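Here is the structure we will look at, set down as structure tokens.
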Amino acid sequence: MKEKTQRSFNYWQWRVIIGSMIGYSIFYFVRKNFSFAMPSIGREYGITNTSFGIILTLVGLIYGVSKLINGFIADRTNARWHMSIGLLACVILNFIFGWSDHISHWITGQSSGPDFVNTLVVVFAVLLILNNIFQGAGFPPCNRLVTHWVPPEQLATKMSIWNTSHSIGAGLASVLCGYIIASTGNWRWCFWVPAMIGTFGVFFIVATLRDTPKSVGLPELPNTKTTLDDNDTPEAYKKFVAQKVFKNPIIWSLAITDLFVYIVRFAVLDWGPTFLQAGDNPLSPQLAGWTVGIFEVFGCAGMLCAGWITDKFFHGRAQRVCFFDMLLTAACLLVLWLLPKDVNPVIMLIILAIAGFFLYGPQALLGVTASNQATKKAASSAVGLIGLCSYASVIFTGAGLGWFSDHFGWNNLFLLMTFVAIIGGLVILPLWNIKKDGYVHETDSVTDEITNK
């Protein structure tokens, strides 16, 4: 019976991991498509990089707040329905997005001119804000699922596997939208085609995922006891989250580090399609799409290696791997800044891909560390707080980099990102010797549990 239970648990564990990976990657199809539509929209309507940057800043902040709120919701609700409802709303909004110019025409009665363009920018902003509100229902439910199905000692490896869904989704969306723009020249299809894919994703999530082992008649994970288990009242839960998340200096250090990780990541994802098609040696839309896509593919490999190295050589202390990865990311970005302007695009592609390899290790492992420290009872709340801080990066990468590119050009972006990566590495360094997790073990006292030994 025990062997049969173990086989059943392994089946459901991998079904949940792979199913949530596919489901979450589809969120990217209806989220990152706007970045590839921007150059075409800008040329058609004369919208500046600064205007786009302001929109990206606003929606990024909204997404960060949404991740925080949905983190609290995810820790107390069924992840399967939470995630599917969020994706359904994003699908509907993306279908509407393809009709943005018609909406602007309906409001202004014009098909061109300043009033039409200004209204169009407002329509873009409103739809993107709504979209990112519901995008916040993507990652927190997945984090809840993984922490309930994967024991802490395996979390770095298996969560790194799961985190490749970020790169898979962003990479496939980049390639798809690059070809859509190149073949049709119509930015609207960058929203309609991903929305069709998202429709499939909603049904897939509902059919595939289950919330916890208990929901399919299996025992809960061993060695994951918390102080909340014996008294899970609303008041006790609030106190538990305050202790494990908001008053926990480890979580705040991880959040600040993730801020710097995301500044570098969004500099490539949000502006990559634009700066790769600009300058003295511009790439075609297809090659720009493949470049960003390969950045994500190498990011997948980097996540997997980082997770394996963490469990194999650092005994679950993911923060140590993050420190080294951030310094190696900075080295790659410095090389990109030093490249001559007429360099072969393939060389830039290779170095950018290597930077993605190192950068995406911390993206996965910071959440792993936070989840283990906060325990499965507050893991989504912890990553929600980290998500809020990480998406505060759009204050810099949105309007900030839009303004930076208009005044200093794209090449100096790499030097700027070099310093950002170095700072991120230095922030996490003091966490070198923290305790592996926040669960109650037989050798722990209550005091030991809430310290960071």
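The values are calculated or read from the model by the stated rules, or taken from the named source; none is laboratory data. If you're wondering where the values come from, they're calculated on a predicted model, not measured in any experiment. Don't worry about glycine lacking a Cβ; one is built from the backbone with ideal geometry, like all the others, and counts go over all protein chains shown.
Just a yes or no: is a residue in the stretch 103-120 aromatic (Phe, Trp, Tyr), surrounded by fewer than 21 Cβ atoms within 10 Å (Cβ to Cβ) and in contact with a helix residue (DSSP H, G or I) (Cβ under 8 Å, 6 or more places away or on another chain)?
Yes, the stretch 103-120 has at least one match.
Kindly evaluate Val91 against the criterion of being at pLDDT below 90, in a helix (DSSP H, G or I), under 19 Å from the mean Cα position of the chain (by Cα) and under 26 Å from Trp162 (Cβ atoms).
So Val91 fails the test.
Determine if the stretch 425-446 includes at least one residue that is modelled with pLDDT of 80 or more and crowded, with 24+ Cβ neighbours inside 10 Å.
yes
State whether the residues of the stretch 137-148 include one that is surrounded by fewer than 16 Cβ atoms within 10 Å (Cβ to Cβ) and either at positive phi or touching a residue at least 40 places away in the same chain (Cβ under 8 Å) (or both).
Within the stretch 137-148, none of the residues are surrounded by fewer than 16 Cβ atoms within 10 Å (Cβ to Cβ) and either at positive phi or touching a residue at least 40 places away in the same chain (Cβ under 8 Å) (or both).
On the basis of being within 30 Å of Arg76 (Cα to Cα), in a helix (DSSP H, G or I) and not hydroxyl-bearing (Ser, Thr, Tyr), does Leu120 make the cut?
When the stated conditions are applied, Leu120 does not pass them.
Please go through the stretch 357-371 and pick out each residue that is touching an Asp or Glu at 6+ places or on another chain (Cβ under 6 Å) and more than 19 Å from Val245 (Cβ to Cβ).
Within the stretch 357-371, Phe358, Gly361, Pro362 meet the criteria.
For the stretch 180-195: of the residues being part of a helix (DSSP H, G or I) and surrounded by fewer than 16 Cβ atoms within 10 Å (Cβ to Cβ), which is nearest to the chain's Cα centre (by Cα)?
Ala182
Test each condition in (1) at pLDDT below 85; (2) under 22 Å from Leu431 (Cα atoms) for Trp271 and report the one that comes out false.
It fails just one condition, (2).
For the stretch 26-40, state whether one or more residues are crowded, with 19+ Cβ neighbours inside 10 Å and closer than 30 Å to Leu218 by Cα.
Yes; the residues of the stretch 26-40 include at least one that is crowded, with 19+ Cβ neighbours inside 10 Å and closer than 30 Å to Leu218 by Cα.
Any residue in the stretch 236-256 that is farther than 18 Å from Ala392 by Cα sitting within a Cβ distance under 8 Å of a residue that is modelled with pLDDT under 95 and of a type in the set (Phe, Trp, Tyr)? List the pairs, counting only those 6 or more apart or interchain.
Every condition considered, the pairs that remain are Val241/Phe72.
In contact (Cβ under 8 Å) with a residue 12 or more places away in the chain and touching a Gly at 6+ places or on another chain (Cβ under 6 Å) - does that describe any residue in the stretch 73-82?
Checked against the condition, which is being in contact (Cβ under 8 Å) with a residue 12 or more places away in the chain and touching a Gly at 6+ places or on another chain (Cβ under 6 Å), the stretch 73-82 yields no hits at all.
Kindly indicate whether any position in the stretch 7-18 is of a type in the set (Ser, Thr, Tyr) and without any contact (Cβ under 8 Å) to a residue 40 or more places away in the chain.
yes
Starting from the stretch 174-193, keep only residues that are under 15 Å from Arg31 (Cβ atoms), then list their pairs with residues that are of a type in the set (A, V, I, L, M) and not in a helix (DSSP H, G or I) whose Cβ atoms are within a distance under 9 Å, requiring at least 6 positions of separation or different chains.
Going by the 9 Å Cβ cut-off, the qualifying pairs are Phe191/Val30.
Leu352: surrounded by fewer than 19 Cβ atoms within 10 Å (Cβ to Cβ) and either in contact with a strand residue (DSSP E or B) (Cβ under 7 Å, 6 or more places away or on another chain) or within 21 Å of Gly425 (Cβ to Cβ) (or both), yes or no?
No; evaluated as a whole, the condition is false for this residue.
So that you can scan it fast, the table gives a plain yes or no per residue for (1) surrounded by fewer than 23 Cβ atoms within 10 Å (Cβ to Cβ); (2) of a type in the set (Phe, Trp, Tyr):
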| site | (1), (2) |
| --- | --- |
| Trp12 | yes, yes |
| Gly42 | yes, no |
| Val59 | no, no |
| Ile69 | yes, no |
| Ala74 | no, no |
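Kindly provide the set of residues from the stretch 197-232 that are among the aliphatic types (A, V, I, L, M) and surrounded by 14 or more Cβ atoms within 10 Å (Cβ to Cβ), ordered by number.
Scanning the stretch 197-232 gives Ile197, Val202, Ile205, Val206, Leu209, Val216, Leu218, Leu221, Leu228.
Scan Ile47, Ile55 and give me the residue that is modelled with pLDDT under 85, of a type in the set (A, V, I, L, M, F, W, C), assigned to a loop (DSSP other than H, G, I, E, B) and farther than 30 Å from Pro234 by Cβ.
Ile47
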